[in-house]
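The values are calculated or read from the model by the stated rules, or taken from the named source; none is laboratory data. These figures come from a predicted structure and were not determined experimentally. Methodologically, a virtual Cβ is constructed for each residue, glycine included, from the backbone with ideal geometry; neighbour enumeration extends over all protein chains shown. Remember, those area values only see protein heavy atoms, side chains included, never the ligands or the DNA or RNA. Shrake-Rupley method; radii C 1.70, N 1.55, O 1.52, S 1.80 Å.
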Amino acid sequence: MIGEREKDLVIRIMDLSESAIFIFEPANFDIVYSNPKAEAIFGDNLSEMTCYEGVETKQRPCMDCPFSNLQDGQERIMERYLESFDMKVKLKANGLTWLDGRRVVLCTILDSDALLQIKIERDINNQKQFEEELRLSGELYQSVVSQLKTIVFEYNYIQNSSYTSQLFEKKFGICEIEGIDFTAEANTQGLIYHEDIDTYKMLFNGRNDDFREVICRMNEVSGRIAWYRISIQFMYNEAGDLIRAIGILKDEDEIVRSHETLRYRSDYDVLTNIPNVNRFYIDAGRLISDNRNKQYAVISFDIDKFKLINDLFGMETGDDVLKHVAQVLRECLDKDALFCRVHSDVFFVCIEYCKREEIIKLIEKLRKGIYDNDFAFDVNTSFGIYLVTDRNIPINLMCDRATLAGRTVKANAMKFCSFYDEQYRVEMLKTKDIEQDMNFAISDKQFVMYLQPKYDLESGNICGAEVLSRWMHPVKGLIQPNDFIPLFERNGFILKLDEYMWEEACQTLANWRSEGRTPVPLSVNISRYHIKNNDLVRVWKQLINKYKIPTSYLTLEITETFFYDSDDMYAVLQNLQDMGFQLEVDDFGAGYSSLNMIRQVPVNTIKIDKDFLDKKMATEKGKIVISHTIAMAKDLKLRVVAEGVETEEHVEFLKSSSCDVAQGYYFAKPMPLEDFNRLCYGIA
């Protein structure tokens, strides 16, 4: 159990999440918590329902619920079909103990924005239908408006006629309007408070949506300045021509209590007291558009490993870091520069410049100012820069391009900033294209198993093979692993691909046995994501039972750096080894190599990394390192495999060092199953 302060903090974090979150009790499927994003999608009374009623819109519990048996600390990601939205969504479920000690499941909908967009479009369509029915009802329309004390105005573009409710005339002293844009006509020009004209004009910018809404101040005929929510519904004919527009004004002044508070909250970030992203978009967009003779740069930056700061030192300390960054921006930037906090640890800056060097010097100044602080840890930052060349691009897309450039910095510890290159966008589109095809590629069996033979260095015979995946796309042809494996590891699809390749390997072993051939052992890769997200032991038990093959025919290759990721790793490996699997440490020498660590881990084989072999072979000292590494592994009763063997010199050296097995282009490249069958078994 945790204290009240921690409870409030947990609820606050989930309330602010950009994803829809709900928590249900698996014993009875009751929803015990739902955040505002979830309620916006599924309804305000979601917390009073069960998950199958509120989310799945079913009358009975889902008998195949994949989450009800999740234990503490377990996580599962999968797709679920939501009938009420007629679409599949990706859900992440975590088993945990709730604030009052109950075992619950926390569900995060990773496709929240898509669901919310559908909900908004439905609401708009319902509202359009309601407004049209009211209009057609003639006197009833005006009567309802009067009874509800709703301020309504309407303009008919076909008839060039307008309608205003009685309350409109009473509040603003105007009984007839000449168009829907109050700032464009003489008799309505004074309606919008002068400081809010830019906000009001957002109702009429180049957007394609039918329903728009803003909050701004209006001047009443009595002299009162009050905040109003202005909603406008645009109606078009089948040809796409605007025929009518209906507006509704709602007095928001009493709700917000004072227009000063609302103004501040709408323009400024409450934590850091600097402008928020909405204010930045308006000011920076106008600055760039109005000064076409000047050069501008948009900069995006964030704090490296900010989540780790929050986790280790607390959110209050994280807030202090953000306030420090805001103060540095105030002190280091010229008065004409614009800046804002976007969300979390992300900030935008817009500056005028003459040369690129000026931008670099300014960023160095900002980085130094942020780094110089009294915190007990380093505060480092990464910057992305977009040089404004096309002023027709919306400001939010300029910021997106700067952010995209900043992401390239994360992969290079020697860089702290990067300028946007159009190639980044091309790569992003390429990534999106791959993600659109990947699910169908599994069901369509476009992923093909390749095998790279392993050779016994003493006998020279094939003693096994490593399973590798290739994507045979029906349109794009062969897609290389480097183009999709890193992406799949980032988006979690590697879980599906790995299990697909494991099944291909098991089926191949079963086929060889049924054909009367002695199978050579196959090595398959285990992704770190399976260790964290799936019951690895259960998955392998199912595969072994399904294909009725001995576990000794399978070697599970696990990357060396995994051993630093989870305390549960050793227990999982021990279970797999007890089942009879051969365990191999892949890429040995590429990470934080430790033979002492290998001594404690239940593995059978180490595989020397190709880069390790290439670099060490170049010098005599390097050869000594490899020889001693192999010798120490042998002393620990471990077999040694060398990959990336490409030359005769490699082979002779490895033989002299008592290495057991080798694979690489010197012997054979990865090949389709048919070619491997011919090579290994002489099958035509």
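Quick notes on this one:
- Only residues that are surrounded by 15 or more Cβ atoms within 10 Å (Cβ to Cβ) and small (Gly, Ala, Ser) were counted across the range 452-477, and they come to 3.
- The conditions of being farther than 24 Å from Ser165 by Cα, hydrophobic (A, V, I, L, M, F, W, C) and free of Cβ contacts under 8 Å to residues at least 40 places away in the same chain are met by Ala239.
- The range 519-558, subset part of a helix (DSSP H, G or I) and open to solvent by less than 10 Å² (accessible area, probe 1.4 Å), residue nearest to Glu75 (Cα to Cα): His530
- Odd one out for Arg513 among (1) open to solvent by 40 Å² or more (accessible area, probe 1.4 Å); (2) of a type outside the set (Gly, Ala, Ser); (3) under 37 Å from the mean Cα position of the chain (by Cα): (3)
- Boolean, Ser514 is of a type in the set (Gly, Ala, Ser) and modelled with pLDDT of 85 or more: yes
- Flag if Thr50 is of a type in the set (Ser, Thr, Tyr) and open to solvent by less than 70 Å² (accessible area, probe 1.4 Å): yes
- Members of the range 512-531 that are polar (S, T, N, Q), more than 12 Å from Tyr553 (Cβ to Cβ) and out of contact with any Ser or Thr (no Cβ under 9 Å at 6 or more places or on another chain): Ser514
- No other residue among Phe301, Phe348 is modelled with pLDDT of 95 or more, in contact with a Cys (Cβ under 7 Å, 6 or more places away or on another chain) and open to solvent by less than 30 Å² (accessible area, probe 1.4 Å) apart from Phe348.
- Here is the figure for the range 381-418: residues that are of a type outside the set (A, V, I, L, M, F, W, C) and modelled with pLDDT under 75 total 2.
- None of Asp30, Asp8 is farther than 16 Å from Leu91 by Cβ, open to solvent by 30 Å² or more (accessible area, probe 1.4 Å) and modelled with pLDDT of 85 or more except Asp30.
- Residue that is farthest from Ser459 (Cα to Cα), among those in the range 648-666 that are assigned to a loop (DSSP other than H, G, I, E, B) and open to solvent by 60 Å² or more (accessible area, probe 1.4 Å): Tyr665
- The set of residues from the range 323-337 being more than 12 Å from Leu271 (Cα to Cα) and of a type in the set (A, V, I, L, M) comprises Val328, Leu329, Leu333, Ala337.
- Restricting the range 273-290 to residues that are polar (S, T, N, Q) and in contact (Cβ under 8 Å) with a residue 24 or more places away in the chain, the residue that is most open to solvent (accessible area, probe 1.4 Å): Asn273
- Taken over the range 96-112, the criterion of being under 21 Å from the mean Cα position of the chain (by Cα) and without any contact (Cβ under 8 Å) to a residue 60 or more places away in the chain is satisfied by Asp111 alone.
- Filtering the range 185-209 to residues that are outside any loop (DSSP other than H, G, I, E, B), touching a helix residue (DSSP H, G or I) at 6+ places or on another chain (Cβ under 9 Å) and more than 22 Å from Asn392 (Cα to Cα) leaves Thr188, Ile192, Glu195, Asp196.
- For the residues Ile630, Ile683, the requirement of being surrounded by 15 or more Cβ atoms within 10 Å (Cβ to Cβ), β-branched (Val, Ile, Thr) and free of Cβ contacts under 8 Å to residues at least 40 places away in the same chain singles out Ile630.
- Selected residue (criterion: modelled with the lowest pLDDT) from residues of the range 419-443 that are over 17 Å from the mean Cα position of the chain (by Cα) and polar (S, T, N, Q): Gln423
- Residues (within 14 Å of Ile274 (Cβ to Cβ), in contact (Cβ under 8 Å) with a residue 40 or more places away in the chain and charged (D, E, K, R)) located in the range 294-332: Asp319, Lys323, Arg330
- Filtered residues of the range 212-232 (kept if out of contact with any Gly (no Cβ under 8 Å at 6 or more places or on another chain) and open to solvent by less than 40 Å² (accessible area, probe 1.4 Å)): Arg212, Val214, Cys216, Arg217, Met218, Glu220, Ala226, Trp227, Tyr228
- Scanning the range 441-487 for residues that are of a type in the set (A, V, I, L, M, F, W, C) and outside any strand (DSSP E or B) returns Ala441, Ile442, Leu457, Val475, Phe484, Ile485, Leu487.
- Residue among Asp587, Asp578 that is surrounded by fewer than 17 Cβ atoms within 10 Å (Cβ to Cβ), at pLDDT 70 or above, closer than 30 Å to Pro519 by Cβ and of a type outside the set (Ser, Thr, Tyr): Asp578
- Of all residues assigned to the range 28-36, at least one qualifies as being touching a Cys at 6+ places or on another chain (Cβ under 7 Å), of a type in the set (Phe, Trp, Tyr) and more than 16 Å from Ile109 (Cα to Cα).
- Subset of the range 478-510 (residues that are open to solvent by less than 70 Å² (accessible area, probe 1.4 Å) and aliphatic (A, V, I, L, M)): Ile479, Ile485, Leu487, Ile494, Leu495, Leu497, Met501, Ala505, Leu509, Ala510
- Which listed residue, of Glu316, Glu331, is charged (D, E, K, R) and either touching a helix residue (DSSP H, G or I) at 6+ places or on another chain (Cβ under 9 Å) or modelled with pLDDT under 90 (or both): Glu331
- Single match in Ile77, Ile41 (criterion: open to solvent by less than 70 Å² (accessible area, probe 1.4 Å) and more than 23 Å from Lys496 (Cα to Cα)): Ile41
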